[in-house]
Structures are given as structure tokens and as C-alpha cells.
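The values are calculated or read from the model by the stated rules, or taken from the named source; none is laboratory data. This structure is a prediction, so every number in the text was calculated from the model and none was measured. Ideal geometry is used to build each Cβ from the backbone, glycine not excepted, and the neighbour counts take in all protein chains shown. Surface areas here come from the heavy atoms of the whole protein model, side chains and all, with no ligands, DNA or RNA. Shrake-Rupley method; radii C 1.70, N 1.55, O 1.52, S 1.80 Å.
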Amino acid sequence: MEEKEKMTLVVFSGELDKALAAFILAITGASMGMEVSMFFTFWGLNIIKKNEGRIKGEGLMRKMLGVMNRGGSKRLKLSKLNMFGLGTWMMKRLMKESNYPTIEQFITMAHQMGVRLIPCSTTCGIMGLEREAFRSEVEDLAGAAYFLNEARQSKVSLFI
Amino acid sequence: MEEKEKMTLVVFSGELDKALAAFILAITGASMGMEVSMFFTFWGLNIIKKNEGRIKGEGLMRKMLGVMNRGGSKRLKLSKLNMFGLGTWMMKRLMKESNYPTIEQFITMAHQMGVRLIPCSTTCGIMGLEREAFRSEVEDLAGAAYFLNEARQSKVSLFI
Amino acid sequence: MEEKEKMTLVVFSGELDKALAAFILAITGASMGMEVSMFFTFWGLNIIKKNEGRIKGEGLMRKMLGVMNRGGSKRLKLSKLNMFGLGTWMMKRLMKESNYPTIEQFITMAHQMGVRLIPCSTTCGIMGLEREAFRSEVEDLAGAAYFLNEARQSKVSLFI
């Protein structure tokens, strides 16, 4: 049996536009028969947080960080032209008009197509996030060594 | 005949500094004999828009987006230290003093050296941009599958 | 003797969070036996500037740029939630609590593990920076062609 070609994405950014780019690439790769892994780290973790999760965290600072950095696929903003939410709202409208999936739907699609969604254990440690902060589609936390081992076997690795 | 090594760049960002980095890499790669493709997506599309283009777009929102997100190689700003234009102006002066090409000139040079400039059809769809919104050096629109197929054959792929 | 696998990182961004991501990847790669090179360019150069360096630069504009764009591993800020320094201070506290190294310590560790720290000669030229603007762990300046030659031999290349 021939092995599948791999693609590995580091999703560092947590903005709507970068999340879109990441999921479009991931889903396209999966539909071309590639084995796709997405490693979410730093602000990228916001994309795969539960939308309705309660804010937790050991210590006052992690709680504060949890409030300021709430996350969830429905709370993402554009990196440019956010304009107090107007730009983000417009982009979502334009995507809907063009019959584009929302990030919420992209996550489900990606998961169903076998794309692996993996939170970075290192940044989860710093930010005080555990597995239960994330949606059900997400796998167990894994570290940088796990990512690099995937990346070195991949035809395409990108840092988004 | 030996095949050329490939390099593929996704240009997601539309800022002066990132555009510079992208074109320096592309032109260096081409001068080393690599076959270079640049895929412009999201804000990166601004780099290859016509400078003097009329603003078009179906519907009010795409027209508004066209105004706010005007684009064109001469309208790019720094991602840091823009300071209402002062930082950008300084960077352009410093580049001129150091005999560096402008982005305008970089685009011409890249095109003449065989670098392929390709707008992402997916984001063009969302933003309501057609081929005629872009400069003459630019190729026809192509999608994520086309990009990934190039990237998986490339020695170097970067997301900028 | 078998050749080591290579990893090459372009560090374009000069923010605390991106610098952290870059050094975590670099050190993990080195500990897995990879030969790691980090190319610092544009704002990324700030990470490897001397903390106590005097501001130099030919001409008024390069001096101004030197003041506004001071740099040094201890002056880096978060790309998000900086909140006039509060977010950055919190992140540093959280890293300390989790027994994480500072960027200062990461640079020393990376250097001791054989990670190569290389400033981009092109952007140094524009910004008027010479070798002596950088810390002792840093190698001589090298250009984009040098980077691309490393990248094309690398298993993993990322633009951060």
C-alpha cells in the first residue's frame, strides 16, 4: 500500500482571515488525498476552543487571560479592517452570499474528511488550557517534537 | 533535460514589508535558477491590483470593501511603525537611498525573470474581484488545489 | 557518515509570541538531531539586537528608525493583547511560573545547541545595521541566496 503524502500546518494566528486560509488549504489537501495535520498554537488555539466553554484557569492571571482571550470559532475577527466589528461582519456576510462555509462548518468538514486538529501542549501549558477547553473534534494535546516529526515527513509545511 | 527546482510562495499579507520579503525571495530564487510561483490571497491581492483601477464589485458591500481595501503596489503600508504614514515614507526613502527597487519595480523584475504571479480564485470570489482588477503581469486566477499541487512539488514553500 | 536533516526558519516578526514559537521549534529540532538555521530579517532582527547597544546609523532617518525600532530580546512585545504592556507583562509572568525560559535564555540555549543565528544582510543594509548591532551569539550577515540554498536542502522551512 502506498503511503499518503502529508501536509502539516502550524496555525499560530487566531484571526478569521488566517483561519479561513488554513481551513481552505487543509480541506483542499484532504480532498486531493493528502494526510493533513493542523497544529494550533498561541492565538490559533482560540479557533478550536469551545464557543460556550466556561472560563477556567489556575490563578488570577490565567483567568484574566481567559477573559481577554476568550476564543471560539464564532468570536474570530479579521486581522485587518475589523473596524470595531464592521469589517468582520461584512466578511462573514460576503462569505455567506458566496455560499462559503463558516469557520464552525469548516471545522466539522475538516474533521469529517480526516484532517487532524491538534492543540500545542506547550502553549496550552503556559496559558493554562486543558483538553476540555477544546471542541470534541480536537485530538489530544501534542508538543513541538510531535509536530516537527510530522513536518519532516511532509511534502508541504506552512506556518500560518 | 533536468527539471528545475520549484519554489512556491503564498502571499497572504498585503503590507509593504511582507511584500518586500516575498519579492526578494522570489527574485533571488529565480536568479538561482528556480521556477518560482507566487500565489496572492486575501490582503496579498492588494499588492498586484492595478494602481489606477476603478473600484467595482457587485453589490454595496463589495463596493465598500473595494474602497476600504483599495490596494495597488503604491498604496502598501508597513505592518509596524506605520505611524500615520511616516514610517512607511521613511522605509521607502531608505530603500531608495540604498538603491533598492520599489514594489512596482520588483513586480516588473519578477515578471521578466519568469516568476509567476497568480491570484487566488477563492478569495477573489469572496471579495468580488475579477482578472481585470489586476495588473497585466498577473496570470489567470487559480484555486487552492492548483497551489497545493505546485507546493507538493516544491523544494521550498512558504506562507508569507 | 549520514548527513543531518536540516530545518530553516525565516524569522520576519519581532514580537515576543512569534519569537517564542521560533525558538521552541528551533530548540526542539536541534534536540531531535536536526541542523537548524534561523534567518532573522526585518522586525525579526530586533530579537537578536544587543539589549544595551548604542543607537547608531548613518543619516538622521536611520537614527530615528534606530530609536523607534530599538529592539533587544528584553524589549519584545506580544502581537496581540499587549494592552500598553500589561498583556506582555502577564505573558512573561505566566512563562516564568511555568518554568519557561525567557527569550534571552532561549537565545543562549539555542546557540549552545548549535542552532545558527543569522541576520539577513539585505534588510540590515536598508536599516543601516552592521554586525556589531547584534549579540555575540549571532553569525555574520548573509543574504537571501544563502537562505534559499539552506532552505532547498531542508526537510522543514517555515516563515515566521
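Among the listed pairs B:LYS18/B:LYS50; A:LYS74/A:LYS96; A:LYS6/C:LYS155; B:LYS80/C:LYS155, those with a Cα-Cα distance over 21 Å are B:LYS80/C:LYS155. Could you give the longest part of chain C that holds none of the GluC sites (Glu not before Pro) found in DSSP loops with at most 11 neighbouring Cβ atoms within 10 Å? Here the longest run is C:59-160.
Oblate is the label for the stretch B:1-46, because a/c, from the alpha-carbon gyration tensor with a ≥ b ≥ c as root eigenvalues, is 1.5 or above and a/b does not exceed b/c. For chain C, a crude dipole built from +1 on the beta carbon of Lys and Arg and -1 on the beta carbon of Asp and Glu, taken about the Cα centre, is about 700 debye to the nearest 20. The stretch C:74-104 and the stretch C:5-45 have Cα centres lying 18 Å from one another. Residues of the stretch A:67-108 whose accessible area (probe 1.4 Å, heavy atoms of protein chains only) drops by at least 20 Å² once all protein chains are present, relative to their chain alone: A:MET68, A:LYS80, A:LEU81, A:MET83, A:MET90, A:MET91, A:LEU94, A:GLU97, A:SER98, A:TYR100. Quick check: from the Cα gyration tensor, does the protein assembly as shown come out rounded (a/c under 1.5), prolate or oblate? Rounded. Debye-formula intensities of the stretch A:109-152, expressed as log10 I(q)/I(0) at q = 0.14, 0.20, 0.28, 0.30 Å⁻¹, are -0.35, -0.68, -1.02, -1.07 (one equal scatterer per alpha-carbon, no solvent). Ranking B:GLN112, B:SER73, A:LEU9 by Cα position along the charge dipole of the protein assembly as shown, where only Lys, Arg, Asp and Glu carry charges on their C-beta atoms, puts B:SER73 farthest toward the positive end. Computed from point charges on the beta carbon alone (+1 for Lys and Arg, -1 for Asp and Glu), the dipole magnitude for the stretch B:1-44 about its Cα centre is near 100 Debye.
When a/c reaches 1.5 or more, the comparison of a/b and b/c decides; with that in mind, is the stretch A:1-127 rounded, prolate or oblate per its Cα gyration tensor? Taking the square roots of the gyration eigenvalues as a ≥ b ≥ c, the stretch A:1-127 is oblate. Per residue, how much accessible surface does chain C expose to a 1.4 Å probe? Answer in Å², no decimals. On a per-residue basis, chain C sits at 43 Å². Dividing the summed helix terms, -39500 (n - 2.57) for each DSSP H run of n ≥ 4, by the number of residues in the protein assembly as shown produces a 222 nm estimate of -12000 deg cm²/dmol to the nearest 500.
In angstrom, the C-alpha Rg and Dmax of the stretch C:63-160 are 15.9, 42. Of the accessible area of the stretch B:98-158, computed with a 1.4 Å probe over protein heavy atoms only, carbon and sulfur atoms account for 47 percent. In a simple Cβ point-charge model (Lys, Arg +1; Asp, Glu -1; nothing else charged), the protein assembly as shown has a dipole of about 2100 debye relative to its Cα centre. If both residues of a DSSP beta bridge must be in chain B, then about 5% of such bridges are antiparallel.
Of the residues C:MET90, C:PHE159, C:GLY44, the one whose Cα sits farthest towards the positive end of the charge dipole of chain C is C:MET90 (charges of +1 on Lys and Arg Cβ, -1 on Asp and Glu Cβ, taken about the Cα centre). For chain A, the membrane-span-like helices by this rule, meaning whole DSSP H stretches whose C-alpha atoms cover at least 15 Å of axis and whose Kyte-Doolittle mean is 0.5 or above, are A:16-31; this says nothing about an actual membrane.
Rounded to the nearest Hz, the phi-derived 3J(HN,Hα) couplings of the stretch A:32-37 under the Karplus curve 6.51 cos²θ - 1.76 cosθ + 1.60 (θ = phi - 60°) are 8, x, 7, 9, 10, 10, where x marks glycine and proline. In this assembly, the A-B interface accounts for approximately 2600 Å² of buried accessible surface in total, computed with a 1.4 Å probe and without ligands, DNA or RNA. Chain B residue nearest by beta-carbon to the axis mapping B to C, with distance in Å: B:PHE159, 4.
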